[in-house]
There are 2 protein chains.
Amino acid sequence: MKIAVLGVGLLGGSIALELRRCHPSPEALRLWARRRETLDEAVRLGVCGAEQISLTVEGAVKNADLAVICTPPASVAPLAEEVATVMPGHCVITDVASVKKSIVQLVGETSASGRFIGSHPMAGSHDSGVSSARLGLFKSATCIITPSPLVSSEDLSRVQTFWERLGCRIFTMTPEDHDRVVAAISHLPHAVAAALVNFVCTLPEEPAKFCGSGFRDTTRVAGGPSEMWAEIFMLNKDNILAALSGFAVELERIMMALQKEDVAEITKLLEEARCRRAAIGIGRSADIKTMEAE
Amino acid sequence: MKIAVLGVGLLGGSIALELRRCHPSPEALRLWARRRETLDEAVRLGVCGAEQISLTVEGAVKNADLAVICTPPASVAPLAEEVATVMPGHCVITDVASVKKSIVQLVGETSASGRFIGSHPMAGSHDSGVSSARLGLFKSATCIITPSPLVSSEDLSRVQTFWERLGCRIFTMTPEDHDRVVAAISHLPHAVAAALVNFVCTLPEEPAKFCGSGFRDTTRVAGGPSEMWAEIFMLNKDNILAALSGFAVELERIMMALQKEDVAEITKLLEEARCRRAAIGIGRSADIKTMEAE
């Protein structure tokens with residue numbers, strides 16, 4: 001399978017690193033980026049070989065079986081349209097954006113329509129840029145694929161196999177369901193983490209000076225690139241607003257119990273949270289343990 | 001320096017492990033716990049030797065230079081009083097509780113008054129119990145000490161040296177300042193994480209099934225023991241309520257910008273959070289990087 005990666009940041013670069021390790025043949029991979037400097041940096045960092053880069057979209061996709069668009073959300077649809085005009089007829093286009101409904105809609109209005117299958121590998125971090133690219137980024141990451149009902153099983157399986165080989169666990173759902181899900185588990189936590197930092201770090205006592213692993217972990221996602229996140233927030237506005245309101249209700253519940261000094265109710269709310277978190281099986285790993293011990 | 005550790009959970013057990021490694025002589029350490037089973041488990045886990053445990057407070061502290069109370073917050077003051085009646089006159093008492101003002105006040109009304117110096121090593125985790133005890137828990141952890149102005153420099157330095165040898169970075173402040181600081185950096189994040197779990201994990205779409213490292217890290221602290229946290233919440237109620245209100249204002253700011261589709265304002269709020277978090281230097285470590293790559 002020949003892959004074209006368009007956009008070489010954390011995700012595009014990490015995909016290239018994995019592909020280069022598994023398929024060292026130069027023909028297996030092509031990288032495109034808008035800026036020459038980004039491609040040069042990718043070569044310098046060993047993300048790809050000098051013969052694998054292209055400054056034209058056509059050069060990157062003309063022999064591709066799969067084109068993976070790794071640019072920020074707002075540029076996915078225009079780029080997909082451009083890719084569709086120069087790629088082979090059998091090529092499938094996918095992406096990595098954190099919002100799916102608006103992208104799938106926009107792409108549906110272009111010539112890329114029948115060839116696009118949206119993907120969202122949940123493998124970001126607070127880092128960004130090709131210099132943060134690394135092997136293993138996708139290992140055990142959830143990847144949500146949002147195929148339209150018209151997609152052929154062959155095309156779908158090409159996208160699915162691609163992510164599976166990178167180490168992802170695959171789920172498929174509609175773009176609408178995807179956007180509701182990530183509003184809750186990704187976009188809401190980002191807003192909450194940002195608000196937490198903005199509150200704590202502007203207090204006159206400068207409490208952040210003393211912070212430990214609790215504050216660090218709770219706010220880690222707030223380290224992500226702001227412009228991209230603002231774009232995501234705008235593109236998933238309604239779901240995020242609904243999630244923020246639902247979260248505020250839960251927070252209010254804790255505040256009320258505290259105001260009433262209702263220790264039984266506080267214990268119940270905290271215990272429910274503890275059990276619910278334990279039930280989804282995300283509490284532990286050897287690495288988390290190491291980290292907390294710092 | 002002979003140490004008595006009273007209460008053998010995550011913190012007491014981890015202190016014992018460190019002391020045993022540095023000072024293998026049996027006389028250097030005594031452990032007391034209310035329940036025989038806890039002490040037996042500590043011996044079985046190698047946290048201490050069988051000759052180092054005591055089921056009476058007197059047996060644990062009678063030769064001690066420093067008594068470290070590692071029980072939940074509400075029992076610190078009564079235990080300090082009991083310790084004071086049976087310890088040598090030169091012995092200093094400290095603790096590990098996450099709240100200081102109420103504890104220091106209560107201890108001040110007992111015979112332990114002049115011998116107590118409150119400590120708060122910020123080295124907990126979502127684990128609890130002696131079975132979670134581990135070496136390295138205190139390495140680079142912040143430890144806040146809240147000495148009264150009447151404390152002798154000799155006594156203060158004994159407590160300070162003790163935490164420094166475990167690897168802590170020491171800060172001293174008043175109990176009132178301590179409680180405001182931890183309300184912001186520890187108690188508020190706990191409430192926020194619990195509310196986030198309680199919202200996300202009760203949604204009909206079950207989005208938590210798909211969660212990645214972002215949701216996991218943002219909610220990690222919600223895995224802590226509920227009864228102890230409810231106790232902490234009650235003992236630091238006013239500061240936590242103030243922090244919750246301040247946080248709600250920041251969250252509202254993000255919601256308003258989103259409602260107005262003011263992308264410049266959203267970008268600004270997220271960028272401020274990103275920069276503020278970066279400025280406190282808690283973004284990175286080799287272990288965090290490993291963890292995110294899972």
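The values are calculated or read from the model by the stated rules, or taken from the named source; none is laboratory data. Computed from a predicted structure; not experimentally measured. All Cβ positions, glycine included, derive from the backbone under ideal geometry; neighbour counts span all protein chains shown. For the accessible areas, the whole protein counts, side chains as well, though only heavy atoms, and no ligand, DNA or RNA atoms are used. Shrake-Rupley method; radii C 1.70, N 1.55, O 1.52, S 1.80 Å.
Taking 20 Å as the limit for the C-alpha separation, the pairs A:LYS100/B:LYS209; A:LYS100/A:LYS237; B:LYS2/B:LYS100; A:LYS62/A:LYS100 exceed it in the case of B:LYS2/B:LYS100; A:LYS62/A:LYS100.
Summing both sides, the accessible surface hidden between A and B at a 1.4 Å probe radius is close to 9200 Å².
Look at the dipole of the protein assembly as shown built from charges on Cβ: of A:GLY49, B:TRP229, B:THR110, the Cα furthest out on the positive end belongs to A:GLY49. Residues whose amide H lies under 5 Å from that of A:CYS143, counting only those 5 or more places away or on a different chain, are A:MET122, A:ARG169, A:ILE170, A:PHE171; hydrogens are built 1.01 Å from N in the peptide plane. Amide H contacts of B:ILE53 (H built 1.01 Å from N, in plane; Pro and chain starts excluded): B:LEU31 sit under 5 Å, all sequence-distant by 5 or more or on other chains.
Could you work out how far the C-alpha centroid of segment B:163-205 sits from that of segment A:108-184, in angstrom? Taking the Cα centre of segment A:108-184 as reference, the centre of segment B:163-205 is 35 Å away.
Computed from the C-beta positions of A:CYS275 and A:ILE170, the FRET efficiency with R₀ = 30 Å rounds to 0.60. Taking Cα centre as origin and charging only the Cβ of basic (Lys, Arg, +1) and acidic (Asp, Glu, -1) residues, the dipole magnitude of segment B:228-281 rounds to 160 debye.
Taking the accessible area of segment B:1-78, probe 1.4 Å, and keeping the other protein chains in place, the carbon and sulfur fraction comes to 52%.
Across peptide A:239-247, how many C-beta atoms of other chains are within 10 Å of each residue C-beta, on average?
Numbers: counts 0, 3, 4, 0, 5, 7, 2, 6, 7.
Across the residues of A:239-247, the mean count of other-chain Cβ atoms within 10 Å is 4.
Inter-chain Cβ neighbour count for B:248-260, averaged per residue, equals 5 (cutoff 10 Å, partner chain atoms only).
Over segment B:3-173, what is the relative contact order in whole percent, taking alpha-carbon pairs under 8 Å and six or more residues apart? Intermediate values should be presented prior to the final figure.
Working: 354 pairs, mean separation 40.1, N = 171.
Taking the mean separation of contacting Cα pairs over the length of segment B:3-173, I get 23 percent.
Placing unit charges on each Cβ (+1 for Lys and Arg, -1 for Asp and Glu) gives segment A:3-173 a dipole about its Cα centre, and among A:GLY59, A:PRO149, A:LEU19 the Cα reaching farthest toward its positive end belongs to A:LEU19.
Taking the average, over residues, of other Cβ atoms within 10 Å as the packing measure, peptides B:109-120, B:192-203 rank B:192-203, B:109-120 from highest down.
Across peptide A:225-237, how many C-beta atoms of other chains are within 10 Å of each residue C-beta, on average?
Details: counts 3, 10, 5, 2, 6, 12, 3, 2, 9, 7, 0, 1, 4.
Mean shielding by partner chains, rounded to a whole number: 5.
Think of it as helices only: each DSSP H run of n ≥ 4 in chain B is worth -39500 (n - 2.57), and spread over all residues that comes to -15000 deg cm²/dmol at 222 nm.
Here the contact order of chain B, divided by its residue count and restricted to Cα pairs under 8 Å and six or more residues apart, works out to 15 percent. Karplus-based coupling profile of segment B:153-158, in residue order and whole Hz: 5, 5, 5, 4, 5, 5, with θ = phi - 60° in 6.51 cos²θ - 1.76 cosθ + 1.60 and x standing for Gly or Pro. Here's the list of aspartates and glutamates a cross-link from B:LYS268 could span, going by alpha-carbon distance under 15 Å and ignoring same-chain residues fewer than 8 apart: A:GLU227, A:GLU231, B:GLU250, B:GLU252. Secondary structure note: in the protein assembly as shown, about 15% of the DSSP beta bridges are antiparallel. Across the identical copies, the label point of A:GLU164 (7 Å from Cα in the Cβ direction) is separated from its matches by 5.9 nm, in order from shortest. In segment B:264-282, burial by the other protein chains removes 30 Å² or more of 1.4 Å probe accessible surface, compared with the chain on its own, from B:ILE266, B:THR267, B:LEU270, B:ALA273, B:ARG274, B:ARG276, B:ARG277, B:ILE280, B:ILE282.
For A:ARG35, inter-copy separations between label points set 7 Å beyond Cα along the Cβ vector come to 5.9 nm, shortest first. Sorted shortest first, the distances from the B:LYS268 label point to those of the same residue in the other copies are 4.3 nm; each point sits 7 Å from Cα along Cα-to-Cβ. Solvent exposure of chain B, expressed per residue, is 38 Å² of accessible area, with all protein chains present and a 1.4 angstrom probe.
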